[in-house]
Amino acid sequence: MAHVIAVAGKGGVGKTTLCGLLIQYLCETGKGPVLAVDADANSNLNEVLGVEVEATLGDIREEIAQAEMAKKSPIPAGMSKADYAEFKFSNALIEDDDFDLLVMGRTQGKGCYCYVNGLLQNQLAKLYPNYPYMVVDNEAGMEHISRGILPGMDTAILVSDCSRRGVQAAARIAELIHECDMKPKNIGLIVNRAPGGVLNEGTKEEIERQGLRLLGVVPHDEMVYEYDCDGKPTVTLPENSPVREALKNIIANLGL
């Protein structure tokens with residue numbers, strides 16, 4: 001079974017960037033192939049990784065759910081709904097040299113999605129045992145995990161910026177993980193975009209007050225911002241990037 005790593009944090013803290021660099025690190029250190037799952041409704045992990053997305057699982061789920069209510073179904077005659085769903089889901093898997101990517105995409109619209117969510121859960125259950133690692137980029141609410149669509153987790157990486165609000169949001173996610181009885185073996189916080197790679201005393205106090213384990217600090221780097229503005233995949237940052245160096249040390253300390 002894959003070692004499942006869930007990355008989560010409030011919007012705008014740079015978790016998707018760190019998630020992409022984590023996937024890159026695992027691939028470069030020979031721990032692939034990695035199954036990457038973009039479970040954030042605001043999907044952009046593919047841009048960080050430098051791959052194109054043609055269809056998301058959410059789009060397919062919506063199509064199948066709506067087909068049940070339509071007079072003319074897109075499902076070919078003689079093909080069951082389950083077989084059609086599996087065919088569509090398998091085609092949504094984006095394959096690269098060292099990793100494969102699934103994009104969850106949109107959340108649920110109107111109507112009952114229990115059936116298609118069950119199909120999606122089964123599809124992921126078939127896939128993830130084939131990979132040493134599965135890395136999931138989550139939204140703050142972690143909807144897909146809390147709904148049971150994705151498997152549990154072995155490592156939970158919470159990402160915050162240097163703000164108290166970011167740390168507080170990370171603490172709420174940690175509480176949600178506990179409430180959902182996920183029981184990861186490893187859970188901790190990465191503080192991203194720290195000026196000079198140093199935390200101020202107020203941030204340190206808030207981390208301690210919230211009872212979070214600090215995994216490490218990633219410095220602010222203007223080059224990450226420039227790559228984003230220029231549409232360059234963040235994983236193409238140079239080897240000596242302070243962001244890449246800091247994240248490598250954090251991952252090494254996690255023992256992944």
Residue that is nearest to the chain's Cα centre (by Cα) [pool: residues in region 15-40 that are under 17 Å from LEU124 (Cβ atoms) and small (Gly, Ala, Ser)]: ALA39
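Could you check how many residues of region 19-31 are farther than 21 Å from GLY152 by Cβ and either assigned to a helix (DSSP H, G or I) or touching a helix residue (DSSP H, G or I) at 6+ places or on another chain (Cβ under 6 Å) (or both)?
In the first step, residues of region 19-31 are kept if they are farther than 21 Å from GLY152 by Cβ; the result is 20-21, 24-25, 27-30.
Next cut, either assigned to a helix (DSSP H, G or I) or touching a helix residue (DSSP H, G or I) at 6+ places or on another chain (Cβ under 6 Å) (or both) only: 20-21, 24-25, 27-28.
The number of residues fulfilling the criteria is 6.
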Region 163-195, subset open to solvent by 60 Å² or more (accessible area, probe 1.4 Å) and touching a Pro at 6+ places or on another chain (Cβ under 9 Å), residue farthest from ILE251 (Cα to Cα): PRO195
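Pick out the one residue from LEU101, LEU21 that is out of contact with any Leu (no Cβ under 6 Å at 6 or more places or on another chain), open to solvent by less than 60 Å² (accessible area, probe 1.4 Å), under 15 Å from MET134 (Cα atoms) and touching a residue at least 40 places away in the same chain (Cβ under 8 Å).
LEU101
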ASN130, sole failed condition from (1) modelled with pLDDT of 85 or more; (2) surrounded by 21 or more Cβ atoms within 10 Å (Cβ to Cβ): (2)
Neighbours by Cβ (under 7 Å, 6+ apart or cross-chain): first from region 194-205, more than 10 Å from SER163 (Cα to Cα); second hydroxyl-bearing (Ser, Thr, Tyr) and open to solvent by 90 Å² or more (accessible area, probe 1.4 Å): none
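Here are VAL198, VAL235, VAL159, VAL224: which of them is farther than 22 Å from HIS3 by Cβ and surrounded by 15 or more Cβ atoms within 10 Å (Cβ to Cβ)? First the steps, then the outcome.
Numbers: VAL198 fails: surrounded by 15 or more Cβ atoms within 10 Å (Cβ to Cβ); VAL235 fails: farther than 22 Å from HIS3 by Cβ; VAL159 fails: farther than 22 Å from HIS3 by Cβ.
Just one listed residue meets the conditions, VAL224.
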Flag if GLY30 is surrounded by fewer than 24 Cβ atoms within 10 Å (Cβ to Cβ), free of Cβ contacts under 8 Å to residues at least 24 places away in the same chain and closer than 25 Å to ASN240 by Cβ: yes
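The values are calculated or read from the model by the stated rules, or taken from the named source; none is laboratory data. It should be emphasised that the depicted structure is a prediction, and the values quoted were computed from it without experimental measurement. Reconstructed Cβ throughout: ideal geometry from the backbone, glycine too, with neighbour counts over all protein chains shown. The protein model used for the area step is the full one, side chains on, heavy atoms only, and it has no ligands, DNA or RNA in it. Shrake-Rupley method; radii C 1.70, N 1.55, O 1.52, S 1.80 Å.
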